[in-house]
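Chemist: Take a look at this one; I'll ask things after.
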């Protein structure tokens, strides 16, 4: 299943419950003859009742079919992605990303 993926703005705070998160960079990565796309970000917890903290993460929208092939109505870039299915692929991709990036978790979807 192919899905349009709207690229978020980099280095722009996104308010969330308990704090905010920021996407810092976009990365493409070769994987078994295909290209994986992921973002690296960090979340800051500064308005929770139990204290403050943070975590770094990677979000993997999927395999790239068409990279930034059109713009949305707000001018956002849109890519055509295929989500990564199968836990075997997800585990392998998670390992590769965690070796390349200093992230605590890798999210798919």
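Chemist: What number goes with the only condition from (1) over 20 Å from residue 1 (Cβ atoms); (2) buried (at least 16 other Cβ atoms within 10 Å of the Cβ); (3) modelled with pLDDT of 95 or more that residue 92 does not pass?
Modeler: Tallying (1) over 20 Å from residue 1 (Cβ atoms); (2) buried (at least 16 other Cβ atoms within 10 Å of the Cβ); (3) modelled with pLDDT of 95 or more, residue 92 fails exactly one: (2).
Chemist: Can you tell me which residues in the stretch 78-94 are in a helix (DSSP H, G or I) and either out of contact with any strand residue (DSSP E or B) (no Cβ under 8 Å at 6 or more places or on another chain) or more than 14 Å from residue 59 (Cα to Cα) (or both)?
Modeler: Within the stretch 78-94, 87, 88, 89, 91, 92 qualify.
Chemist: With the condition being touching a strand residue (DSSP E or B) at 6+ places or on another chain (Cβ under 7 Å), surrounded by 13 or more Cβ atoms within 10 Å (Cβ to Cβ) and modelled with pLDDT under 95, I'd like the strands (runs of 3 or more DSSP E) fully within the stretch 1-68 carrying at least 2 qualifying residues.
Modeler: In the stretch 1-68, 19-31, 34-48 are the strands (runs of 3 or more DSSP E) which contain 2 or more residues that are touching a strand residue (DSSP E or B) at 6+ places or on another chain (Cβ under 7 Å), surrounded by 13 or more Cβ atoms within 10 Å (Cβ to Cβ) and modelled with pLDDT under 95.
Chemist: Here's a follow-up. Taking the criterion of being touching a strand residue (DSSP E or B) at 6+ places or on another chain (Cβ under 9 Å), in a strand (DSSP E or B) and in contact (Cβ under 8 Å) with a residue 12 or more places away in the chain, would at least one residue in the stretch 95-105 satisfy it?
Modeler: yes
The values are calculated or read from the model by the stated rules, or taken from the named source; none is laboratory data. Just so it is clear, the structure is predicted and the values come from calculations on it, not from any experiment. So basically every Cβ, Gly included, is an ideal-geometry build from the backbone, and we count neighbours across all protein chains shown.
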